[in-house]
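**Q** Mind looking over this structure? Questions follow.
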Amino acid sequence: MLRFENISKTYGQVRALSNASLAVAGGEIRGILGGNGSGKSTLVKIAGGTVVPDSGAIYLDGARTAIGSPKDAKKAGIIMTSQELSIVPNLTVEENLLLSRFPARFGILSDARRARRLSREMLDRLELGHRIDSEVAGLPENELYLLEFGKALIQDGDILLLDEITSALYDNNVAVVRSILRECKAANKTILFISHRMEELYSICDSVTVMRNGEAVGTFGIAEKNENELLTLMAGQVCPASGKVSGTGKAADARPVVEADSIPIRQYRKSVSIKVMPGEIIGVAGLQGHGQSEIVRTLHGMRGEVSIRIAGRPTTIRSPRQAVRHGFAFISGDRQTEGVFKEHSVGDNLAVVGELAKRGKAADARKALDAINVKYSGIFQKLTSLSGGNQQKVIVGRWTSTDPLLILADDPTKGIDVRARSDLHALFAGMAKRGSALVMVSSDDNELVSLCAHSDNSRVIVLYEGGIVATLRGMDITRDNIIAAAIPQKVGAGDGAR
């Protein structure tokens, strides 16, 4: 059994944990649910040895255990994954997998044959066997997270601490993780599983601990509480069911904000067309790697030159800088490499696009941060001292004062808790009501249903092999319909976004 007793930790004026206590038995998969900044990641980092608590204790099978480093944790059989990947991009998949465990035959000489067998077995379990000799730098993000999961599994610890390991995964990848975790449960391993996807918590976990403001406020069998009850515990107040979001009520003859007749999906040697109306929200769905990200990244000038029409005027976008000057915003779910300026303050990160965009007045930093419920102690606080979800909120908040013409988002809510995700959806809806259009890719079909199904001015387009095979509106926007459209099928002639 793993037990945390009265764990406290502060960062400056921010209290990350306050006398947090919980216990997890062997053979149990415990979900940890809480808002950004609630202390979830700090708790597992303390058990993993990367953060030292101010007070409190950790017990393993009843014995108090001192964990002052990742090496101490590993000796105790505790293996942790983090939201920030520990991947070395210039090494192969196999080399990364074995970084923490290279088998030795005679103590000094490595046993390459056994290493190959171990890595092959693990990668086959992850359905990544075909990638064994691939350089990591060329892998899509979902496969990087599977590799991170594999790096933890291959160390064969007794306790697994999994922090948002599924945040970038697609349904088929999550099914692989679910199957492997059930095997770990059968082997009597103890598992802490942090996820903001409610469906994953209900399908993977035996129990769930809810955290709020650095405290563990309750632990329940997974069937004891419904989703809304868990959200209420997480937020500390009753969370009403989502209501209908009003659109802009655009006129039938309104001019499109952006039209693109030929967005290349290069890996399939195809192209798609798209027309975006003022205040419209377009969700982009499909199996991983079928061209969803290419749409938003090409429109933002990240894939070379693209010809479009803005309010009917022919325009060529050649770079992200040029896209921003035309009023395009880009929000990435990969905040560490595409979103944050790690060495700068919260205020600096919030204001970074204002001068470049030259749209709207300079942001009132505190007002902007408070409007999207960022948990912070001051605008001069270093951005990386915030939780991952609060960092992502800052990235989204930097665009609100610019009144963007078009928001291009590539899985922007990855790693954000369900309450914060709802806040951001409301923010997107508010921006749409003021006339900004949104094109958003998501790896979570349920998110697209939540965002688009109850809006007067939304649709979901589904891609398969570089072509748009379905356009869903209104009550047709369901997870089942998205999945049905995304399964392998022949793309018909003339498919497009209409």
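The values are calculated or read from the model by the stated rules, or taken from the named source; none is laboratory data. No experiment lies behind these values; they were computed from the predicted model shown. Reconstructed Cβ throughout: ideal geometry from the backbone, glycine too, with neighbour counts over all protein chains shown.
**Q** Of Gly415, Gly435, which residue is in a loop (DSSP other than H, G, I, E, B) and over 15 Å from the mean Cα position of the chain (by Cα)? Reasoning before the result, please.
**A** Working: Gly415 fails: over 15 Å from the mean Cα position of the chain (by Cα).
Criteria check complete, one pass: Gly435.
**Q** A further question follows. Considering only the range 47-56, I want to know if a residue exists there that is among the hydrophobic types (A, V, I, L, M, F, W, C) and either in contact with a Gly (Cβ under 9 Å, 6 or more places away or on another chain) or surrounded by fewer than 22 Cβ atoms within 10 Å (Cβ to Cβ) (or both).
**A** yes
**Q** Test Thr10 against the stated conditions and say whether it is outside the structural domain of Val394 (by TED's automatic domain parsing), in contact with a strand residue (DSSP E or B) (Cβ under 6 Å, 6 or more places away or on another chain) and either free of Cβ contacts under 8 Å to residues at least 12 places away in the same chain or not hydrophobic (A, V, I, L, M, F, W, C) (or both).
**A** The answer is no for Thr10.
**Q** Also, quick follow-up: When the range 57-75 is examined, which residues are found to be assigned to a helix (DSSP H, G or I), loosely packed, with under 11 Cβ neighbours inside 10 Å and touching a residue at least 40 places away in the same chain (Cβ under 8 Å)?
**A** Once the filter is applied, which keeps residues that are assigned to a helix (DSSP H, G or I), loosely packed, with under 11 Cβ neighbours inside 10 Å and touching a residue at least 40 places away in the same chain (Cβ under 8 Å), the range 57-75 yields nothing.
**Q** Would you point out the residue of the range 274-292, among those that are surrounded by fewer than 22 Cβ atoms within 10 Å (Cβ to Cβ) and within 17 Å of the chain's Cα centre (by Cα), that is farthest from Val324 (Cα to Cα)?
**A** If we take residues in the range 274-292 being surrounded by fewer than 22 Cβ atoms within 10 Å (Cβ to Cβ) and within 17 Å of the chain's Cα centre (by Cα), then Leu287 is farthest from Val324 (Cα to Cα).
**Q** Do any residues in the range 27-53 that are modelled with pLDDT of 95 or more have Cβ atoms under 7 Å from those of residues that are among the hydroxyl-bearing types (Ser, Thr, Tyr) and in a loop (DSSP other than H, G, I, E, B), where the two are at least six apart or on different chains, and which pairs are they?
**A** Filtered contacts from the range 27-53: Gly31/Ser195.
**Q** Now a separate question. Is it the case that the range 322-331 has a residue that's surrounded by fewer than 18 Cβ atoms within 10 Å (Cβ to Cβ) and modelled with pLDDT under 80?
**A** Within the range 322-331, not a single residue is surrounded by fewer than 18 Cβ atoms within 10 Å (Cβ to Cβ) and modelled with pLDDT under 80.
**Q** Something else: When you go through Leu123, Leu33, Leu99 one by one, which is the residue that is within 29 Å of the chain's Cα centre (by Cα), assigned to a loop (DSSP other than H, G, I, E, B) and assigned by TED's automatic domain parsing to the domain that holds Leu17?
**A** Leu99
**Q** So, one more: Counting only residues that are within 13 Å of the chain's Cα centre (by Cα) and either surrounded by fewer than 21 Cβ atoms within 10 Å (Cβ to Cβ) or of a type in the set (Asp, Glu) (or both), how many does the range 148-196 have?
**A** Adding up the residues that qualify gives 3.
**Q** Further, regarding this structure: Kindly establish whether Ser443 is buried (at least 20 other Cβ atoms within 10 Å of the Cβ), in the same structural domain as Ile461 (by TED's automatic domain parsing), among the polar types (S, T, N, Q) and outside any helix (DSSP H, G or I).
**A** Criteria met by Ser443.
**Q** Next question. Is one or more of the residues making up the range 383-405 without any contact (Cβ under 8 Å) to a residue 40 or more places away in the chain and not in a helix (DSSP H, G or I)? Quick ask: steps written out before the conclusion?
**A** To start, the set of residues in the range 383-405 that are without any contact (Cβ under 8 Å) to a residue 40 or more places away in the chain comprises 400.
Going one step further and asking which of them are not in a helix (DSSP H, G or I), we end up with none.
Among the residues of the range 383-405, not one is without any contact (Cβ under 8 Å) to a residue 40 or more places away in the chain and not in a helix (DSSP H, G or I), which makes the answer no.
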